[in-house]
Amino acid sequence: MVLRLGDEAPNFKAQTTEGEIDFHEFIGNSWVVLFSHPADFTPVCTTELGEVARRSKEFEERNVKVIGLSANELGDHHKWVKDINEVNKVNVGFPIIADADRTVSTKYDMLDYQDATNVDTKGIPFTVRSVFIIDPKKKIRLTLTYPASTGRNFDEIIRVIDSLQLGDKHRITTPANWKKGDDVIIHPGVTNEDAEKLFPGYKAPLPYLRLAKSPF
Ligand code: BEZ
């Protein structure tokens, strides 16, 4: 199933390291980062899950719940979490979906059938490194797919959350390499008259490029 930005995130029930969940109930009124991993007990994934656990406060401050997925059994997940905690000196406090039968990963198109090396012992494809940012209305706001060989940049994922949340509150967009606190771009749909009221003293290096101080 091809999922596009603005689609409702498909619902599912699944076993996780924190118990059984109904995904839409899990989302509740929060933003969610759903991210998949090729397999348990693999090195890059072990560092990624450690990094997400280390940054749990940054996600919480943004009203974001994180949930991982790996195409293995729950028993393996529990053993793997012990390794992750030990080696990264963290406490993984978010759920990891046990998707050994690929039910959720098929729904979310997280399987790469082209990579013949990314398969389990039976030759069944593992998931790749997909990321979905989902808003409290359950709409998909970002999709990213990384190859199995490349660990994700979580600064970037948090940066996009900041941009989306700011853009939902104010009529702005964010420029290349923008970070929280940097100047923002006034949305092209805002008239100059409204821009003056909303962002007094804004700068316009081009008629269609109007910059304002960040409303954070
Ligand atoms: C890893 O997490 O290190 C990994 C997983 C699957 C393929 C390649 C690397």
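The values are calculated or read from the model by the stated rules, or taken from the named source; none is laboratory data. Quantities reported herein were computed from a predicted structural model and do not represent experimental measurements. Quick reminder, even Gly has a Cβ in these numbers, built from the backbone with ideal geometry, and neighbours come from all protein chains shown. These accessible areas exclude ligands, DNA and RNA; they are computed on the full protein's heavy atoms, side chains included. Shrake-Rupley method; radii C 1.70, N 1.55, O 1.52, S 1.80 Å.
Kindly evaluate residue 84 against the criterion of being surrounded by 20 or more Cβ atoms within 10 Å (Cβ to Cβ), at pLDDT 95 or above and farther than 20 Å from residue 149 by Cα.
No: the conditions fail for residue 84.
Out of all the residues in segment 24-67, which are more than 16 Å from the ligand (Cβ to nearest atom) and either under 26 Å from residue 119 (Cβ atoms) or part of a strand (DSSP E or B) (or both)?
Within segment 24-67, 31, 32, 33, 34, 64, 65, 66, 67 qualify.
Among 73, 48, 58, which is under 15 Å from the mean Cα position of the chain (by Cα) and either farther than 15 Å from residue 131 by Cβ or at pLDDT below 95 (or both)?
58
Taking segment 137-152, which residues are within 13 Å of the ligand (Cβ to nearest atom), within 13 Å of the chain's Cα centre (by Cα) and open to solvent by 30 Å² or more (accessible area, probe 1.4 Å)?
Of everything in segment 137-152, just one residue is within 13 Å of the ligand (Cβ to nearest atom), within 13 Å of the chain's Cα centre (by Cα) and open to solvent by 30 Å² or more (accessible area, probe 1.4 Å), namely 146.
Using the structure shown, decide if residue 138 is touching a helix residue (DSSP H, G or I) at 6+ places or on another chain (Cβ under 7 Å) and at pLDDT 95 or above.
Yes; evaluated as a whole, the condition is true for this residue.
Mind checking which residues of segment 154-163 are closer than 24 Å to residue 2 by Cα and either loosely packed, with under 15 Cβ neighbours inside 10 Å or among the acidic types (Asp, Glu) (or both)?
156
Can you tell me which residue is surrounded by the most Cβ atoms within 10 Å (Cβ to Cβ) among those in segment 1-32 that are farther than 16 Å from residue 128 by Cβ and of a type in the set (A, V, I, L, M)?
Filtering segment 1-32 for residues that are farther than 16 Å from residue 128 by Cβ and of a type in the set (A, V, I, L, M), the one surrounded by the most Cβ atoms within 10 Å (Cβ to Cβ) comes out as 32.
In segment 172-197, what count of residues is obtained for those that are crowded, with 17+ Cβ neighbours inside 10 Å and not in a strand (DSSP E or B)?
Residues flagged as crowded, with 17+ Cβ neighbours inside 10 Å and not in a strand (DSSP E or B) within segment 172-197 amount to 4.
Within segment 117-136, take every residue that is within 13 Å of the ligand (Cβ to nearest atom) and part of a loop (DSSP other than H, G, I, E, B) and give me the one that is farthest from residue 76 (Cα to Cα).
117
Just to be sure before I move on: is residue 81 aliphatic (A, V, I, L, M) and either in contact (Cβ under 8 Å) with a residue 60 or more places away in the chain or away from the ligand (no atom under 13 Å from the Cβ) (or both) in the structure I sent?
When the stated conditions are applied, residue 81 passes them.
Which of the residues that make up segment 84-107 are away from the ligand (no atom under 16 Å from the Cβ), over 13 Å from residue 68 (Cα atoms) and of a type outside the set (Val, Ile, Thr)?
Of everything in segment 84-107, those that are away from the ligand (no atom under 16 Å from the Cβ), over 13 Å from residue 68 (Cα atoms) and of a type outside the set (Val, Ile, Thr) turn out to be 85, 86, 89, 91, 101, 107.
Report whether or not residue 155 is of a type in the set (D, E, K, R) and within 17 Å of the chain's Cα centre (by Cα).
So residue 155 passes the test.
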